[in-house]
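Undergrad: Supplied in structure tokens, the structure appears directly below.
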Amino acid sequence: MTVTSRSIADTESGSPARWCWERVAFPLLTAAGLIVLAIIIAPGRTDTFRLIKDLALRADGALAFVLVSAAIAWAGSGRIREMLREDRAAAMTLLAVLLWSTITTLVSTNRPLSVPSLVDVFSAAAVFIMVWYGARWIPKWVLVTLIFTAALNATLVMLQSFRIWQPLDLEATATAPHHANTALIGNPNDVGSYLALVALILFAVASVERRLLMVLYGAGALIATAGVVISQTRTAVLALTAGLLLVTLRRSRRAALIAIVLLAVAGAVAFSMRVRVVTRIADSIEMAAAGRWNDATSNRFTPIVAALEMFRERPLLGFGPKTFRYHHMEYSAVVERDTSHGARRPGTNFLDVHNDHVQLLAETGLPGYAIFLSALFFLCRNPSASGSEDSRRRIAAALGLPFAVTLAVLCLAQFPLHLAITRHLIVTIAALIVGWRRL
Amino acid sequence: MRPLAGILLLTASIAAAALFTNRLIVRPWRCDTAKDRLLRMTIQTEKSPSQHEISARARKNIDELRRLLEQCPAVPDLYMALALNEQLVGRYEEASVTYGRLLEIEQRPEIYSALGNVLVRLGRYDEAVEAYVKARRFSPRSGTINHIETRRRVRERLRQELEGREDQDD
């Protein structure tokens with residue numbers, strides 16, 4: 001019996017944990033990744049948030065690669081074969097992501113822009129493989145780190161929003177007062193996207209925990225939700241609402257009904273108190289009804305239609321990863337000239353579409369989008385009824401569908417797949433779901 | 001796995017990770033650091049009190065920016081800084097080439113506006129009109145066109161496009 005299979009057997013049988021270095025290394029790197037990506041910033045630079053987080057994700061990917069290599073060198077490739085056996089669909093999806101990203105980069109219309117994106121995809125894949133490989137040794141306390149990062153960022157965005165404390169010098173980059181509400185994440189939309197995903201994860205974990213842990217995770221989820229509301233990110237509020245309903249629905253229909261009533265009451269109270277994010281949602285509906293699509297979507301309509309035009313032109317291979325920023329002006333001008341699209345006011349020069357569904361279609365074609373949809377689908381799958389009573393398995397089962405739906409809704413008007421902070425969170429949680437649901 | 005194979009695998013993966021870290025983590029970080037420094041230096045150069053000092057500083061910036069671009073060819077702000085410094089020493093032809101290279105990796109209305117300004121300086125008015133129209137088609141308030149005849153032609157072109165759009169509406 002190899003060291004790895006011995007330690008796996010220990011975990012499954014619930015016998016006293018025999019010490020092995022994997023039990024320390026995999027949880028530590030996973031927790032460190034979740035914390036570092038959420039707090040690392042580069043104050044005093046033109047780009048305070050995004051580059052440093054991109055590079056931190058790459059560093060995490062490099063460490064993950066070395067760690068998995070060390071584990072294989074130590075204990076052989078048995079665990080890899082086991083991973084392929086236990087979830088072939090996840091492995092195939094990962095392989096398809098890597099293969100298709102490479103192909104679309106090779107045939108990209110602007111390869112210098114696509115290559116860094118390919119590096120980021122491979123880094124994220126290394127993190128995914130590391131977490132999946134080590135899922136058996138990763139305890140559920142790893143998710144407690146999310147309470148810390150959520151509390152820190154949500155508190156900071158509240159302090160910034162109420163003008164109580166602004167630790168960062170953002171005068172040069174913040175074009176509006178609201179844009180200075182960055183926490184340690186980035187602009188308010190990035191903050192909303194990140195905290196919505198974290199809140200959903202913590203709600204799902206709270207729903208399967210008991211007593212003190214339930215209170216702890218629930219409190220973390222509520223703080224994160226407050227951060228989402230303060231960030232005024234409409235899509236994040238809608239995505240979190242959808243995910244939350246699914247979490248409660250999984251518990252019982254009665255719980256879901258209570259949640260719907262509570263959400264409706266909270267929405268009505270927030271609307272009557274003129275809470276900004278709720279009034280913005282109402283205003284958007286009004287503007288969309290009047291055909292003012294760019295106003296309703298904060299200027300996202302033009303880039304979305306432009307990206308769809310790009311997809312129509314190259315439906316199979318797309319234009320190449322990260323190339324939307326290069327073709328955006330040309331196609332947006334076409335969209336705004338052609339009034340049949342309804343873009344009656346110029347959009348903004350976005351570097352990303354602000355809709356990951358459409359951006360994937362435009363940049364990686366139909367196959368790229370199909371891979372994304374299949375990844376979401378495989379994330380939703382629940383394990384067979386028979387299995388251990390490991391609480392991590394229950395967490396994975398409670399998290400799969402709500403997480404996939406929240407992500408899919410978030411991608412409608414944000415770009416979580418293109419931000420290092422959210423991309424890292426998505427791959428880590430997806431790998432934990434895949435790894436834990438087979439325990 | 002045999003011990004030797006394990007050691008070889010681990011050594012190879014550490015070497016690959018070190019190479020990856022140097023090329024794709026450390027280098028972009030250094031490029032960003034240098035970019036911030038040179039952008040600050042370019043702003044300081046523009047604010048210099050005498051034309052002589054502006055020229056001397058801008059030439060120094062140009063040399064450094066060109067060296068840096070060999071290592072960091074995909075950082076758009078470096079091209080922008082280089083073109084600005086080239087304009088400060090009156091090298092408009094070179095600045096137009098730099099803007100052209102920048103437009104190969106990034107398309108923004110302000111780049112087209114800046115290119116238009118340089119082309120006007122070079123007397124290439126037809127090309128300048130094209131650049132300004134591209135910028136304003138997307139961002140109507142981008143930049144100021146100082147050359148009166150070019151401004152008139154740009155307005156005329158955009159007005160014609162708008163009329164075509166209204167005809168389509170009717």
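Here is a yes/no grid of residues against (1) within 12 Å of another protein chain (Cβ to nearest Cβ); (2) more than 13 Å from the chain's Cα centre (by Cα):
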| site | (1), (2) |
| --- | --- |
| B:GLU93 | no, yes |
| B:ARG101 | yes, no |
| B:GLN107 | yes, no |
| B:GLU110 | yes, no |
| B:LEU115 | no, no |
| B:VAL120 | no, yes |
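Undergrad: Among what's in segment A:389-414 and is open to solvent by 10 Å² or more (accessible area, probe 1.4 Å), closer than 28 Å to A:ASP54 by Cβ and not in a helix (DSSP H, G or I), pick the residue that is modelled with the highest pLDDT.
TA: Taking the candidates together, the pick is A:LEU412.
Undergrad: Could you give me the residue pairs with C-beta distances under 6 Å whose first residue belongs to segment A:17-46 and is more than 14 Å from chain B (Cβ to nearest Cβ) and on the phi > 0 side of the Ramachandran plot, whose second residue is open to solvent by 50 Å² or more (accessible area, probe 1.4 Å) and of a type in the set (S, T, N, Q) wherever it lies, and which are 6+ apart or on separate chains?
TA: none
Undergrad: Which of the residues belonging to segment A:292-310 are open to solvent by 40 Å² or more (accessible area, probe 1.4 Å) and under 11 Å from A:TYR331 (Cα atoms)?
TA: The one that is open to solvent by 40 Å² or more (accessible area, probe 1.4 Å) and under 11 Å from A:TYR331 (Cα atoms): A:LEU308.
Undergrad: Take segment A:197-217 and flag every residue that is open to solvent by less than 10 Å² (accessible area, probe 1.4 Å) and among the hydroxyl-bearing types (Ser, Thr, Tyr).
TA: A:TYR217
Undergrad: Also, I was wondering about something else. Among the residues of segment B:110-117, is any assigned to a helix (DSSP H, G or I), among the aromatic types (Phe, Trp, Tyr) and either open to solvent by 80 Å² or more (accessible area, probe 1.4 Å) or out of contact with any Ser or Thr (no Cβ under 9 Å at 6 or more places or on another chain) (or both)?
TA: Within segment B:110-117, not a single residue is assigned to a helix (DSSP H, G or I), among the aromatic types (Phe, Trp, Tyr) and either open to solvent by 80 Å² or more (accessible area, probe 1.4 Å) or out of contact with any Ser or Thr (no Cβ under 9 Å at 6 or more places or on another chain) (or both).
Undergrad: Any idea which residue in segment A:36-48 is nearest to B:ALA15 (Cα to Cα), counting only those that are in contact with a helix residue (DSSP H, G or I) (Cβ under 8 Å, 6 or more places away or on another chain) and open to solvent by 20 Å² or more (accessible area, probe 1.4 Å)?
TA: Step by step, filter segment A:36-48, then rank; the result is A:VAL36.
Undergrad: Do the conditions hold for A:LEU184, that is, is it in a loop (DSSP other than H, G, I, E, B), closer than 25 Å to A:LEU216 by Cα and in contact (Cβ under 8 Å) with a residue 60 or more places away in the chain?
TA: yes
Undergrad: Something else now. Could you go through segment B:135-153 and let me know if any residue there is closer than 26 Å to A:ASN299 by Cβ, more than 10 Å from chain A (Cβ to nearest Cβ), out of contact with any Pro (no Cβ under 7 Å at 6 or more places or on another chain) and modelled with pLDDT of 90 or more.
TA: no
Undergrad: I'm trying to understand the selection: among the residues of segment A:71-104, which are in contact (Cβ under 8 Å) with a residue 24 or more places away in the chain, of a type in the set (A, V, I, L, M, F, W, C) and within 14 Å of another protein chain (Cβ to nearest Cβ)?
TA: Hits for segment A:71-104 are A:ALA71, A:TRP74, A:ALA75, A:ILE80.
Undergrad: Okay, next question. Suppose we keep only residues that are open to solvent by less than 30 Å² (accessible area, probe 1.4 Å) and within 21 Å of A:LEU238 (Cα to Cα) within segment A:162-182. Which one would you say is farthest from the chain's Cα centre (by Cα)?
TA: A:ASN181
Undergrad: So, A:ALA59, is that one modelled with pLDDT of 90 or more, under 25 Å from A:VAL144 (Cα atoms) and not in a loop (DSSP other than H, G, I, E, B) or not?
TA: yes
Undergrad: Tell me which residues, restricted to segment A:80-127, are more than 22 Å from A:THR323 (Cα to Cα) and outside any helix (DSSP H, G or I).
TA: A:ASP87
Undergrad: Anything in segment B:96-153 that is of a type in the set (Gly, Ala, Ser) and either under 23 Å from B:ASP77 (Cα atoms) or in contact with a strand residue (DSSP E or B) (Cβ under 8 Å, 6 or more places away or on another chain) (or both)? List them, or say none.
TA: B:SER96, B:GLY100, B:SER113, B:ALA114, B:GLY116, B:ALA128, B:ALA131, B:ALA135, B:SER139, B:SER142, B:GLY143
Per-residue answers, yes or no, for (1) over 25 Å from A:SER374 (Cβ atoms); (2) open to solvent by 50 Å² or more (accessible area, probe 1.4 Å); (3) modelled with pLDDT of 95 or more; (4) touching a Leu at 6+ places or on another chain (Cβ under 6 Å):
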| site | (1), (2), (3), (4) |
| --- | --- |
| A:PHE26 | yes, no, yes, no |
| A:LEU34 | yes, no, yes, no |
| A:LEU55 | yes, no, yes, no |
| A:TRP100 | no, no, yes, no |
| A:THR105 | no, no, yes, yes |
| A:LEU118 | no, no, yes, no |
| A:PHE122 | no, yes, yes, no |
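Undergrad: Here is a follow-up. Among the residues of segment A:322-351, how many are assigned to a helix (DSSP H, G or I) and either modelled with pLDDT of 85 or more or surrounded by fewer than 22 Cβ atoms within 10 Å (Cβ to Cβ) (or both)?
TA: 14
Undergrad: Next question, about the same structure. Failed condition for A:ARG274, given (1) part of a helix (DSSP H, G or I); (2) surrounded by fewer than 21 Cβ atoms within 10 Å (Cβ to Cβ), with all others met?
TA: (1)
The values are calculated or read from the model by the stated rules, or taken from the named source; none is laboratory data. For clarity, every value in this text was computed on a predicted model and none was experimentally measured. A quick note on method: Cβ atoms are made from the backbone with ideal geometry, for glycine too, and the neighbour counts reach across all protein chains shown. We work out accessible area using only protein heavy atoms, side chains counted, and drop any ligands, DNA or RNA first. Shrake-Rupley method; radii C 1.70, N 1.55, O 1.52, S 1.80 Å.
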